[in-house]
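Structure first, then comments.
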Amino acid sequence: MSERDEEYANKKYAREFYNEVRNRFKDQEHKFKDFITAFEDCKEDRDIPDFATKMQKILKGHEDLMMKINALLPDRYKIEDKNTIPKKRPNLEDAKNFLRKIRAQFQGVDDHIYKSLVVILYRFYRKVKSFNEVCQEVTTLLKDHPDLLDEFTQFLPEGISIQKTMRPDIKEISNSNGVANTG
């Protein structure tokens, strides 16, 4: 992905996040105004640590939104979640076994899932897809298979986990720092 494409994707993600927050707080106008004010303050003086603190307060109780805002913040300012349990790091053999399991589960039934997963991961490896795009696409692909989606998260970077968010049957990628990594 070119730098220009990545900048466009980041702006698109920020707009989508803004719209999601606006919809979530449509009945809590004061929270949405605080959200807008925090963004404007950050834009004016670039006080990112203060911005992260404000966001943590505004988005408290909405872990999925906190997780998503982390995708917009530099690593050193990610909002932290103190309740995350460290997880065992998988190895290459674990990844191969996971892909074998998916292939076996869907072979002859829904080959599309296995093939799509392989293409998504290959494109990520070739840097055609961003981490956030991979998370979004895999979440969508495996949305009807929560056990596989949970298992997939073991291959995500340290601090990333799956949490039920918008709907009980759809899970979303979240960051142990308390902010989203959807995309």
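Worth a mention:
- Test: residue in the range 131-139 that is modelled with pLDDT of 85 or more and assigned to a loop (DSSP other than H, G, I, E, B): no
- From the options 69, 102, residue that is modelled with pLDDT of 75 or more, buried (at least 17 other Cβ atoms within 10 Å of the Cβ) and within 14 Å of the chain's Cα centre (by Cα): 69
- For the range 1-31, a residue qualifies if it is among the polar types (S, T, N, Q) and within 14 Å of residue 128 (Cα to Cα), and exactly one does: 2.
- Flag for residue 84 being modelled with pLDDT under 80, in contact with a Ser or Thr (Cβ under 6 Å, 6 or more places away or on another chain) and not assigned by TED's automatic domain parsing to the domain that holds residue 150: yes
- When the residues of the range 140-157 are filtered to those that are charged (D, E, K, R) and farther than 19 Å from residue 68 by Cβ, the one that is modelled with the highest pLDDT is 144.
- The number of residues in the range 7-35 being exposed (fewer than 13 other Cβ atoms within 10 Å of the Cβ) and either aliphatic (A, V, I, L, M) or touching a residue at least 40 places away in the same chain (Cβ under 8 Å) (or both) comes to 0.
The values are calculated or read from the model by the stated rules, or taken from the named source; none is laboratory data. Computed from a predicted structure; not experimentally measured. Cβ: placed from backbone, ideal geometry, glycine included. Neighbour counts: every protein chain shown.
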